[in-house]
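The values are calculated or read from the model by the stated rules, or taken from the named source; none is laboratory data. Just so it is clear, the model here is predicted, and its values are computed rather than measured. Backbone-built Cβ (ideal geometry, glycine too); neighbour counts: all protein chains shown.
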Amino acid sequence: MLTALGLAMAAQDSPQPLGDVLKEVIDQLGLQEKIDEARVVETWATIAGKDINGVTESVWMKGSTLYVKITSAAWRQELHMNRRQWRQRLNGALDTDPVDEIVFR
């Protein structure tokens with residue numbers, strides 16, 4: 001029985017860069033979407049900063065929407081009013097546009 005890594009390596013006749021092999025394995029296992037979601041959540045935590053992270057209960061992706069559960073009504077309202085700017089800042093930090101909307105709950 002060949003694993004995904006074995007399949008990726010068996011498909012090549014000569015040595016391949018590790019990054020290429022890993023990308024192929026990730027694609028074969030269907031993990032790219034989960035990796036992209038984790039990258040968005042991690043980047044959100046970085047750009048949100050200490051104050052916002054302090055009132056954040058959880059962050060998750062569903063499709064192209066980022067959900068951020070905020071424990072403070074005042075912070076939630078402030079973030080909601082500026083959600084377009086936060087989305088632009090987040091997508092800019094990611095150098096792609098994986099987030100179409102941010103919902104603060």
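Would you check if there is a residue in region 66-87 being under 19 Å from GLN32 (Cβ atoms) and free of Cβ contacts under 8 Å to residues at least 12 places away in the same chain? No, every residue in region 66-87 fails to be under 19 Å from GLN32 (Cβ atoms) and free of Cβ contacts under 8 Å to residues at least 12 places away in the same chain. A single member of ALA48, ALA4 is touching a helix residue (DSSP H, G or I) at 6+ places or on another chain (Cβ under 9 Å), small (Gly, Ala, Ser) and at pLDDT 95 or above, and it is ALA48.
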